[in-house]
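Structure record follows, encoded as structure tokens.
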Amino acid sequence: MAITINGDGTITGLSAGGLPDNSVTLANMAHGTDGQILTYDASGAPVALGPGTHGQILTSTGAGSPPAFEAAAGGKIIKHYEASFNGNQTYYGNGGSNYTDTYLTITFTPQKTGTVALIYVFTTVITDDAKYGFFRLKRTQGGSSADANANNLAAKGYDMSASGGIWTPVQFMIRDNTTMTAGTDRTYTVTIRTHPGSGSNEAGVGWGTGNGSGLNIIGVFEMDS
């Protein structure tokens, strides 16, 4: 095998596999652009990919196609907020159609404009007499309030009457797609009402182990939409 180094620096006469393993160092490779990644195209030839732009991620485009730098999909968590209330046992409601604010509330300052909120609640509830307790989530921003639950959580009542007044764990999660503005505070408050019964028509919120020592939580994930 005759190997010739040409005047332009190219080498001819070198067969595939003619170089010893591990003989090509980084210094022997052609220069590229900062941020590029070496891969192969559909024909199997090496190709330099990218660079992408800030915030993009490298994704597979399937067999027979090089990967690509693309924008990340929505749903990225920007920040987490949480408020906990230990051993707070309070009764609400009067059997009417109006909802009453509970102490389960959280106020936070969004970090990014255009994000949405995923809200979760962990608590316990009890009602006396033969009736239900109903929950909704209220959103307050810029001085105005609105029902933040597009799926009408109030339709999901909790019936404790059959158990003779036993405290029942309650957990729910709601995604609020009303976008937020960075630096503008937002508040979420759990509200409750009771279905009319024969007695006080109240619903208790927040009992825990040791009769009032339980932990009640409302939290928010700020997420890209």
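Read-outs: derived from the displayed coordinates by stated rules, not from any lab. Not measured: the values here are computed from a predicted model. FYI the Cβ positions are ideal-geometry reconstructions off the backbone, even for glycines, and counts take in every protein chain you see.
So how much slack lies between Thr109 and Ser144, counting 0.36 nm per residue of separation and subtracting their Cα-Cα distance, in nm? Mind dumping the intermediate values first?
Numbers: separation 35, 0.36 × 35 = 12.60 nm, distance 1.60 nm.
Gain on extension, Thr109 to Ser144, equals 11.0 nm.
State, to one decimal in nm, how far the label point of Ala72 lies from the label point of Met29, with both points 7 Å from Cα in the Cβ direction.
Placing both labels 7 Å beyond Cα along the Cβ direction yields 2.6 nm.
In which sequence would Leu58, Leu26, Leu49 go, from the one with the fewest C-beta neighbours within 10 Å to the one with the most?
Working: Leu58 13, Leu26 5, Leu49 17.
Neighbour counts put them in this order, fewest first: Leu26, Leu58, Leu49.
Take Tyr188, Tyr103, Tyr81, Tyr40 and order them by how many other Cβ atoms sit within 10 Å, fewest up front. Walk me through the numbers before you get to the answer.
Working: Tyr188 25, Tyr103 16, Tyr81 19, Tyr40 11.
The order, fewest Cβ neighbours first, is Tyr40, Tyr103, Tyr81, Tyr188.
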